[in-house]
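The values are calculated or read from the model by the stated rules, or taken from the named source; none is laboratory data. Quick caveat: nothing in here was measured; it's all calculated off a predicted structure. So basically every Cβ, Gly included, is an ideal-geometry build from the backbone, and we count neighbours across all protein chains shown.
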Ligand code: G16
């Protein structure tokens, strides 16, 4: 290092030291970089935000690319908040840097500069390298001041910041990807996002010219979050090809409270505030619009949920048909987690004959696994997912779409595939993009919601939570399908599962909430609920349950 560099480094670190005193860390507070970043009550996060601003600058210097920082706690209640770091292609930050994030966030005040210096040394970061960071935030009351703390962190290390203000999480991921591909992926503006996705959507629905107004009509529950705002902004770009009735717009109700994708998925019932008619197509976003689930109620008042598994099945079936019709040699794979309904996995493997992989919970794991296919469809059952098209797959599709010597049938399939690529936010799961994709797939195939639902029948399933003193006592293996500790827990789960037909259950610590999650499925809802309750009791007894014992569902 030259003397000049040392001088610059010292001046910067002096500034960091001065500014970090304005964002002090509560002594002894330790936080985990969980499934999707740091997440806890907003009051505990100011120092984390400032420090993630610093880390984002280092990551930007290291990658020589623009990095993203999103202030959101997604599906969590309004009083929580959190932060997600976004890598250059719009994907979640790489695991080594999650480790650094924890070291930086958890360093006591006086140790912060040493920790930063160590990371710079280990990663051979050049202090003179420029740095750029994009910031976005959701609509939580705490998000504005927390994103200001991120900005302070970036500026104190002399990084260049572009603060987009309120954005959906997937929009921020999109901006980062656009910027780092020199706009080949799209323009890094909200308008660029609306234009790219809606143009592709409008092209796709041209293949379904006779859609009625009813078929164009969709009810959307915005979870009282940013998705509602952004969907309103996007509507004019859709040229009336989608007519949206928007509920839970954030004008009165509380974020994610009795509404939104997580609520609908877990409760297996409609959100508050949506006026559904029999058979009407409805969907719910979550608080930062990175998840979506569909649903309707039938003439007997029964609620039907079409979750991430059903979305993955719909999309992969569509893609497989098109790839075959186009005569392209592209391998399609579907990536799921342990939460995937057993029926969906069986349908994909046995009927659709596509490769299915199961990975740990967390988009970062799914995204990575999906990259191994020419076309990788990944969805968590909770509605978080997207489709990844490899560069060579996109090239083959584009060439065929322009090939004047090919048959009309092949060309048309390739053109539909090309627009499918463009309507998809390949950076990350995106409720708005997924909604447009599902709407287009239904339209092009002339499928009703009921026909989609009938592709396979979900096994009854139940998700529950158990509060324990220390969630880290539960560790898991085999894509979180088996518990390694505490001793005896997995044996207890195995013994319970054996008592039911078509049954399966697992337990895992949540990476976004302070709780243990329990999943069960079996032949009937009654048996599923009974199994889920017994597994909750086993967790409570063997993993240090606190508070009231889990109660059976009535
Ligand atoms: C985040 C992750 C998802 C994960 C969910 C729940 O979603 O991005 O991949 O499924 O948390 O994780 P856990 O069960 O570990 O709490 P979101 O929408 O909250 O960002």
* **Residue check for residue 91: modelled with pLDDT of 95 or more, surrounded by fewer than 22 Cβ atoms within 10 Å (Cβ to Cβ), under 22 Å from residue 361 (Cα atoms) and within 14 Å of the ligand (Cβ to nearest atom)** => yes
* Asked: Looking only at segment 49-87, which residues are over 15 Å from residue 136 (Cα atoms) and away from the ligand (no atom under 16 Å from the Cβ)?
  -> 51, 54, 55, 57, 58, 59, 60, 61, 62, 63, 64, 65
* Asked: Would segment 43-56 turn up any residue that is in a loop (DSSP other than H, G, I, E, B) and over 26 Å from the mean Cα position of the chain (by Cα)?
  -> no
* Check on residue 413, crowded, with 24+ Cβ neighbours inside 10 Å, in the same structural domain as residue 326 (by TED's automatic domain parsing) and either touching a helix residue (DSSP H, G or I) at 6+ places or on another chain (Cβ under 9 Å) or not in a helix (DSSP H, G or I) (or both) -> no
* List the strands (runs of 3 or more DSSP E) that sit entirely inside segment 179-297 and contain at least 2 residues that are surrounded by fewer than 17 Cβ atoms within 10 Å (Cβ to Cβ). => 243-247
* Those residues of segment 239-252 which are more than 24 Å from residue 139 (Cα to Cα) and out of contact with any strand residue (DSSP E or B) (no Cβ under 8 Å at 6 or more places or on another chain), in sequence order -> 239, 240, 241
* To do: Go through the residues of segment 145-161 one by one and say whether even a single one is closer than 30 Å to residue 233 by Cα, part of a strand (DSSP E or B), outside the structural domain of residue 369 (by TED's automatic domain parsing) and under 28 Å from the mean Cα position of the chain (by Cα).
  => yes
* Take segment 424-437 and flag every residue that is surrounded by fewer than 24 Cβ atoms within 10 Å (Cβ to Cβ) and closer than 17 Å to residue 283 by Cβ. => 424
* Asked: So which helices (runs of 4 or more DSSP H) stay within segment 446-554 end to end and still have 3 or more residues that are within 16 Å of the ligand (Cβ to nearest atom), in contact (Cβ under 8 Å) with a residue 40 or more places away in the chain and over 27 Å from the mean Cα position of the chain (by Cα)?
  -> none
